[in-house]
Ligand SMILES: Cc1cc2nc3c(=O)[nH]c(=O)nc-3n(C[C@H](O)[C@H](O)[C@H](O)COP(=O)(O)OP(=O)(O)OC[C@H]3O[C@@H](n4cnc5c(N)ncnc54)[C@H](O)[C@@H]3O)c2cc1C
């Protein structure tokens with residue numbers, strides 16, 4: 001219930017803004033984030049826009065806004081109830097949007113650091129099932145990533161998005177692996193862009 | 001979703017269902033029997049088979065103060081859970097090894113607040129995966145992102161039953177009593193074992209592997225109802241074997257899969273994973289068509305030789321160079337097991353319902369293939385099936 005209220009206020013606030021569906025210079029994002037959808041987590045992030053330009057590809061075509069930004073993100077997600085992952089990620093993102101549309105698409109190249117803490121050994125009591133962690137192990141990974149994001153402005157200040165990131169997990173001490181990270185969330189554009 | 005329902009949905013997936021097992025820890029748990037269970041029955045019960053299902057059933061009957069006896073064909077209890085001690089410095093599970101659900105299912109199976117002991121569990125989340133396809137070895141470590149289940153740390157499935165159930169029922173187990181006939185035509189049930197001894201009881205609970213029923217190794221009088229015979233015919237019960245080899249060095253990944261990544265019918269795995277041990281033990285779990293190449297060989301030595309040659313071909317001779325010892329458990333050649341575990345076709349729920357339907361209120365069924373409330377083909381599933389059968393039996 002609380003969550004609905006929160007989203008409701010977000011959307012209402014969004015509609016009160018100027019009707020212009022563009023990213024602000026410093027949007028804030030909040031997302032459900034997971035390594036495959038069944039492993040739950042959260043991600044917060046922002047975007048620091050450092051270049052933006054507009055182009056009209058052909059006569060009568062609607063102008064397109066192109067935007068380059070650096071997107072720092074912080075994430076936490078669980079895997080199977082016994083692995084906790086903290087992740088810091090920085091994306092170099094290229095976004096494109098037709099100015100008369102609410103949709104946009106972003107491609108990003110990123111680099112992240114992930115720390116995983118895993119319960120490798122635990123015990124439970126046979127009388128009542130109470131559980132105790134006996135041993136944890138920590139792993140560290142560097143995550144280069146390639147992402148695609150698709151978003152939609154539901155109001156000038158708020159956009160919904162989903163993002164898919166493909167990332168090898170590279171580690172000096174643990175086995176290398178890779179994953180497809182999925183992110184579904186919203187971005188709050190609290191100050192609108194220069195244009 | 002209730003754990004029960006969730007388990008049902010994945011019941012036929014065998015080992016593959018392990019991908020989802022970790023999800024289950026968040027689902028509801030509770031007693032497997034209703035608190036207000038009415039125990040109306042006061043006669044004698046014969047339990048056929050002392051595997052996970054038979055032992056659990058006996059443990060429950062003991063709790064309800066019902067007279068029972070277990071007739072077991074083999075010289076020991078356990079059935080398809082079997083422990084090998086002394087091979088290295090940790091016990092080896094020659095049969096059921098993985099815990100394919102939330103390990104706390106054991107709390108439900110024991111269901112006794114007095115048993116306050118801690119059970120050590122390993123999170124079985126192998127990190128290195130290799131797949132052998134067309135003679136080529138490929139790394140598939142990404143599987144470690146989603147494959148994870150559990151194993152015992154210092155003990156085994158066998159120890160769980162042996163330590164917490166068997167002490168309550170040991171004096172009621174009759175070993176080396178293979179049952180050859182069950183006559184339920186009269187008021188009481190008469191059971192004949194291979195030594196020619198007849199045993200009488202009011203009810204009988206059959207927990208033998210389905211291979212024994214499919215191959216008519218027990219003569220039922222009257223014969224089993226046609227719908228049961230037809231239901232049994234739809235269940236596959238493929239061959240299986242396990243092999244454990246010790247090497248002086250480790251040259252293999254945590255898991256080497258020799259068929260498709262999601263098949264898991266032919267896998268080699270580091271059996272020392274997560275154990276406090278310096279020994280390098282490689283296990284082979286091979287079921288179905290792939291298993292035929294081994295199970296029909298004339299001796300265990302021939303199996304070990306074949307497997308060593310295969311490993312040498314993959315790892316450039318390192319297997320024979322570092323080989324120390326090996327052990328083979330050929331379940332297909334065990335006279336009272338004769339294979340692996342049930343593999344159901346579509347519509348397995350109605351098949352199970354048909355199989356567990358008691359006959360004339362006298363003959364009841366339980367076992368890994370007969371679990372209507374959870375996973376089939378597993379150790380804990382066999383235990384759960386006993387709860388279902390006993391719930392029916394004591395009320396009648
Ligand atoms: C190699 C292998 C690996 C497995 N791995 C896993 C795993 O990792 N995790 C998991 O959960 N499950 C696993 N399983 C499945 C699991 O072991 C079984 O589902 C479970 O142990 C079956 O218990 P049960 O009581 O139904 O049958 P059983 O254990 O087979 O018990 C039946 C008993 O009946 C006896 N018997 C047979 N005929 C007669 C007769 N005529 N008269 C009297 N007694 C008789 C047998 O000797 C046996 O003791 C595995 C099975 C195998 C074979």
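The values are calculated or read from the model by the stated rules, or taken from the named source; none is laboratory data. Here the structure is a predicted model, which is why all the values come from computation and not from measurement. Ideal geometry is used to build each Cβ from the backbone, glycine not excepted, and the neighbour counts take in all protein chains shown.
Looking at A:30, A:114, just one residue is modelled with pLDDT of 95 or more and either part of a helix (DSSP H, G or I) or farther than 19 Å from residue A:152 by Cα (or both), and that residue is A:114. Of the residues making up region B:87-109, those that are more than 7 Å from chain A (Cβ to nearest Cβ) and not in a loop (DSSP other than H, G, I, E, B) number 7. Are any of the residues in region B:145-155 part of a helix (DSSP H, G or I), within 24 Å of residue A:128 (Cβ to Cβ) and more than 9 Å from the ligand (Cβ to nearest atom)? No, region B:145-155 has no match at all. Considering only residues that are assigned to a strand (DSSP E or B), over 13 Å from the mean Cα position of the chain (by Cα) and in contact (Cβ under 8 Å) with a residue 60 or more places away in the chain, which ones fall in region A:155-184? Residues satisfying the conditions are A:155, A:158, A:179.
Among the residues in region A:127-139, are any loosely packed, with under 15 Cβ neighbours inside 10 Å and touching a helix residue (DSSP H, G or I) at 6+ places or on another chain (Cβ under 9 Å)? Yes, region A:127-139 contains at least one residue that is loosely packed, with under 15 Cβ neighbours inside 10 Å and touching a helix residue (DSSP H, G or I) at 6+ places or on another chain (Cβ under 9 Å). When the test is whether a residue is at pLDDT 95 or above, more than 14 Å from every other protein chain (Cβ to nearest Cβ), touching a strand residue (DSSP E or B) at 6+ places or on another chain (Cβ under 6 Å) and outside any strand (DSSP E or B), residue B:211 does not pass it. When the residues of region A:74-100 are filtered to those that are within 14 Å of chain B (Cβ to nearest Cβ) and assigned to a strand (DSSP E or B), which remaining residue is farthest from the chain's Cα centre (by Cα)? Checked region A:74-100; the qualifying residue farthest from the chain's Cα centre (by Cα) is A:83. The residue list A:24, A:69 contains one member that is farther than 18 Å from residue A:180 by Cβ, away from chain B (no Cβ under 14 Å) and at pLDDT 95 or above, which is A:69.
Contact annotation: residue pairs with Cβ atoms under 7 Å, 6 or more positions apart or on different chains, pairing a residue in region B:157-176 that is over 22 Å from residue B:102 (Cβ atoms) and more than 10 Å from the ligand (Cβ to nearest atom) with a partner that is part of a helix (DSSP H, G or I) and at pLDDT 95 or above, are B:166/B:55; B:168/B:59; B:168/B:62; B:169/B:55; B:169/B:58; B:169/B:59; B:169/B:62; B:172/B:58. Scanning region B:335-371 for residues that are farther than 27 Å from residue B:76 by Cβ and within 14 Å of the ligand (Cβ to nearest atom) yields B:344, B:352. Taken over region B:110-141, the criterion of being within 20 Å of residue B:266 (Cβ to Cβ), touching a strand residue (DSSP E or B) at 6+ places or on another chain (Cβ under 7 Å) and facing another protein chain (nearest Cβ under 7 Å) is satisfied by B:141 alone. Only residues that are surrounded by 17 or more Cβ atoms within 10 Å (Cβ to Cβ), in contact (Cβ under 8 Å) with a residue 60 or more places away in the chain and over 27 Å from residue B:240 (Cβ atoms) were counted in region B:183-216, giving 8.
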